[in-house]
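Right, one structure below, let's go through it.
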């Protein structure tokens with residue numbers, strides 16, 4: 001008889017920038033911004049006669065009494081505490097537990113004690129052996145995956161997924177990144193050579209998500225634009241696919257590198273396909289910090305000017321921001337703030353520099369005796385670090401983070417960046433249009449709750465009320481920008497919730513230069 005499998009994606013240990021924890025924090029059912037791609041992808045690899053049940057703990061509770069033979073848990077470093085708690089409890093109840101995913105692959109020695117079966121690396125090529133061994137009741141305690149070609153990826157089992165509380169669907173078109181940023185763990189996990197999914201498979205996955213009602217999709221790639229030949233062909237296929245939708249167009253978001261801004265034809269192709277939002281790893285305006293970390297793709301050109309080129313094609317930006325590079329002094333916090341205001345990027349995922357397992361940065365920090373706090377959990381939170389900074393104290397860095405986070409998201413500053421972004425943002429292509437309120441967010445119940453959350457935000461204080469009024473006035477002058485701006489406001493709700501939960505929101509924070517610390 002075929003086994004029954006219970007696949008679980010655990011909740012994060014602490015709210016993240018792109019999570020949806022503010023929904024539950026406001027007393028509503030849990031929700032998420034982007035649907036988890038791992039669960040339905042792994043489920044699609046299971047034999048057809050296997051019993052398969054999915055649990056995404058971001059939107060529903062774990063069923064401890066479910067009838068299953070094996071519990072398979074995935075997870076990133078930001079989920080490790082919950083990952084271990086779930087694994088340990090199911091093992092206590094006599095269930096066999098399989099652990100895999102990015103965290104298990106990069107930190108196997110940390111994960112091993114909590115698993116009966118450990119799966120490291122990518123799963124597609126070893127899936128037949130693993131499932132056959134489970135069926136026979138004779139399995140290995142460790143399976144090492146490979147780096148497969150992506151034509152082995154079947155359409156994810158979104159029919160098994162709890163889609164009702166997810167705002168964006170997800171599709172992966174490639175794995176790997178050709179760049180070598182010192183702090184990044186993408187290459188140790190999936191490699192530098194980029195592998196691509198057949199375009200027909202990408203479109204088939206989009207068809208599935210579209211039928212389920214999704215009108216926003218995140219391309220979960222490490223660097224969407226790294227292969228110019230592939231991405232140009234894909235974008236043309238997306239343009240045709242999107243233009244032919246008869247029940248609303250789809251807005252896309254992905255992660256790419258800022259060097260794409262130097263290619264006007266590529267920017268035009270992004271816009272024509274329906275790419276409305278991107279995530280850029282800006283990291284720092286400190287050029288010495290970029291050189292130090294190997295972020296060479298950010299060095300050729302003025303960063304503010306390159307950012308504004310995306311706006312000319314109607315594309316909005318979320319950006320990564322890191323402090324704590326060796327070249328950083330306590331002045332970097334002011335530089336980062338000034339860059340944010342000049343660039344008009346509304347949302348930055350601000351974090352201290354950390355050295356994850358298996359990265360070149362961790363190896364260097366060990367060699368220099370600057371690696372502290374060996375717990376992997378330190379690398380998961382936005383304002384903790386396992387690195388001793390070179391040109392400031394740990395106290396200065398923490399205080400600088402507190403000052404910068406509070407100033408970045410102070411209502412008057414966030415409102416000003418939105419106001420300026422609306423002024424700079426050009427219209428997108430005429431053949432694609434979106435819901436004017438939420439850019440394709442397809443669940444009325446969630447829209448209502450977002451409006452209620454904004455109402456509550458306005459009641460928090462005069463500054464918050466003025467900020468929302470400022471945004472309304474800006475959008476009244478350019479209503480066509482509403483669909484692209486409201487997701488930024490949604491992210492602001494989540495970011496303020498995260499900062500409050502971490503007790504990191506401090507309107508009275510002093511600049512780290514004012515600390516009497518050597």
Worksheet entry | Inter-probe distance in nm under a simple model that places probes 7 Å from Cα toward Cβ, at residue 211 and residue 160 | 1.7 nm
Practice prompt. Please compute the Cα-Cα pair-distance distribution of the stretch 100-170 with 5 Å bins starting at 0, giving whole percents from short to long.
Written response: 3, 14, 19, 18, 20, 17, 8, 2, 0
Worksheet entry | Ordering of 146-157, 468-479, 280-291 by burial proxy (mean other Cβ atoms within 10 Å per residue, highest first) | 280-291, 146-157, 468-479
Discussion item. What whole-number distance in Å separates the alpha-carbon centres of the stretch 274-317 and the stretch 1-46?
Written reply: 30 Å
Response to the item:
Within the stretch 41-76, the residues whose backbone N lies under 13 Å from a label point placed 7 Å from the Cα of residue 116 along the Cα-to-Cβ direction are 68-73
Item to complete: Quote the relative contact order of the chain in percent (integer), defining contacts as alpha-carbon pairs under 8 Å separated by 6+ residues.
Response: 14 percent
Fill in: FRET efficiency estimate (nearest 0.05) - Cβ-Cβ, residue 180 to residue 152, R0 30 angstrom
0.70
Response to the item:
The simple spin-label model distance between residue 91 and residue 142, using points 7 Å out along Cα→Cβ, in nm, is 1.5 nm
Worksheet entry | Over the stretch 4-150: Kirkwood hydrodynamic radius from C-alpha pairwise inverse distances, Å | 15.7 Å
Item to complete: Among DSSP beta bridges lying fully in the chain, give the percent that are antiparallel, nearest 5.
Response: 10 percent
Worksheet entry | Beta bridges per DSSP with both ends in the stretch 4-150, % antiparallel, nearest 5 | 5 percent
Worksheet entry | FRET E, pair residue 200, residue 265, Förster distance 25 Å, beta-carbon r, rounded to 0.05 | 0.55
Worksheet item: Sorting 143, 313 on the 10 Å Cβ count, fewest up front, what's the list?
Response: 143, 313
Fill in: Simple spin-label estimate for residue 473 and residue 245 in nanometres, 7 Å along Cα-Cβ
3.4 nm
Fill in: Calculated Rg and Dmax of the chain using C-alpha coordinates, Å
22.5, 69
Practice prompt. Would you mind getting me the FRET efficiency between residue 466 and residue 342? Use the beta-carbon distance for r and R0 = 22 Å, nearest 0.05.
Written response: 0.50
Worksheet entry | Residues in the stretch 230-244 reached by a label modelled at residue 480 [backbone nitrogen below 19 Å; 7 Å Cα→Cβ] | 243
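Only the coordinates and a few stated rules stand behind these numbers; no lab work does. Because the structure is predicted, anything quoted here is derived from the model rather than measured. Neighbour counts run over all protein chains shown; Cβ positions are idealised from the backbone, glycine included.
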